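Here's the structure we're looking at; comments come further down.
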Amino acid sequence: GSGEKRMEGDEIGFSDLDKKFKNGKMYVTQKWGEISLRDLAMFMSKEEFLNVLSDYCVQKGFDLVVRKSDKMRYTAECSNLECTWKIHAFVLADGMTWAIKTISGDHTDCAFAKINSMATVAWMTNKIRSELAAQPKMPVKVMVTWFMDKFSIEVAERTMYKVRIAVT
């Protein structure tokens, strides 16, 4: 590789800023990597936390049911009633930084959701923006295929028209 020396316990997805924080690790977005969430992962804002969480849910193929979301706390669980997966996050004392308090359970018995409510028009717009900038006349059918190929999700053509409008 790059000659970069890695220490035992180093994890991809977390930054060198970690040593500034005693209990948690700042989450770093990986351009091509799998999203890995864990207890005490920290985010610069609630918006960043929610964006990463949406990406994680789409990547893992499950929907969330939000149980509590306010300025201080966020609690959600898998929408599959048989699943035990839950996440609890909170804002730190600085009033900006958010951290995952706990993630529990797993999705071993959950089927991958190809139709995913976490993939909102805003989420899709953010994901395909650069593709549409490069190919502004990309056909809607190609956009639908792009989302299936890249994220394994099924998207209605009518939704792609909304995404195209949101991008412009």
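The values are calculated or read from the model by the stated rules, or taken from the named source; none is laboratory data. The model shown is predicted, which means the values in this text are computed figures rather than measured ones. Quick reminder, even Gly has a Cβ in these numbers, built from the backbone with ideal geometry, and neighbours come from all protein chains shown. Remember, those area values only see protein heavy atoms, side chains included, never the ligands or the DNA or RNA. Shrake-Rupley method; radii C 1.70, N 1.55, O 1.52, S 1.80 Å.
Here the Debye sum runs over all C-alpha atoms of the stretch 45-101 as equal scatterers in vacuum, and log10 of I(q)/I(0) at q = 0.18 Å⁻¹ comes out as -0.59.
Coupling constants for the stretch 114-120 follow from the phi torsions by the Karplus curve (6.51 cos²θ - 1.76 cosθ + 1.60, θ = phi - 60°), and in residue order they are 6, 10, 10, 5, 5, 8, 6 Hz; glycine and proline get x. Viscosity 1.002 mPa s, temperature 20 °C: Stokes-Einstein D of the stretch 59-159 from its Kirkwood Cα radius, in µm² per second? D, rounded to a whole number, is 137 µm²/s.
Take the stretch 86-136 with all the other protein chains still there, run a 1.4 Å probe, and you get 57 Å² of accessible area per residue. Please check which bits of the stretch 88-127 a label hung off MET148 would reach, taking the label as a point 7 Å along Cα-to-C-beta and the cut-off as backbone N under 18 Å. Within reach of a label on MET148, which here means backbone N under 18 Å from a point 7 Å along Cα→Cβ, the stretch 88-127 contributes 112-117, 119.
Database remark: amide H of SER79 closer than 5 angstrom to the amide H of ASP63, LEU64, VAL65 (H placed geometrically; neighbours at sequence offset of 5 or more, or on other chains; Pro and chain starts carry no H). The HN-Hα couplings worked out from phi for the stretch 93-101 by the Karplus form 6.51 cos²θ - 1.76 cosθ + 1.60 (θ = phi - 60°) are 4, 6, x, 10, 5, 10, 9, 7, 6 Hz, whole numbers, x standing for Gly and Pro.
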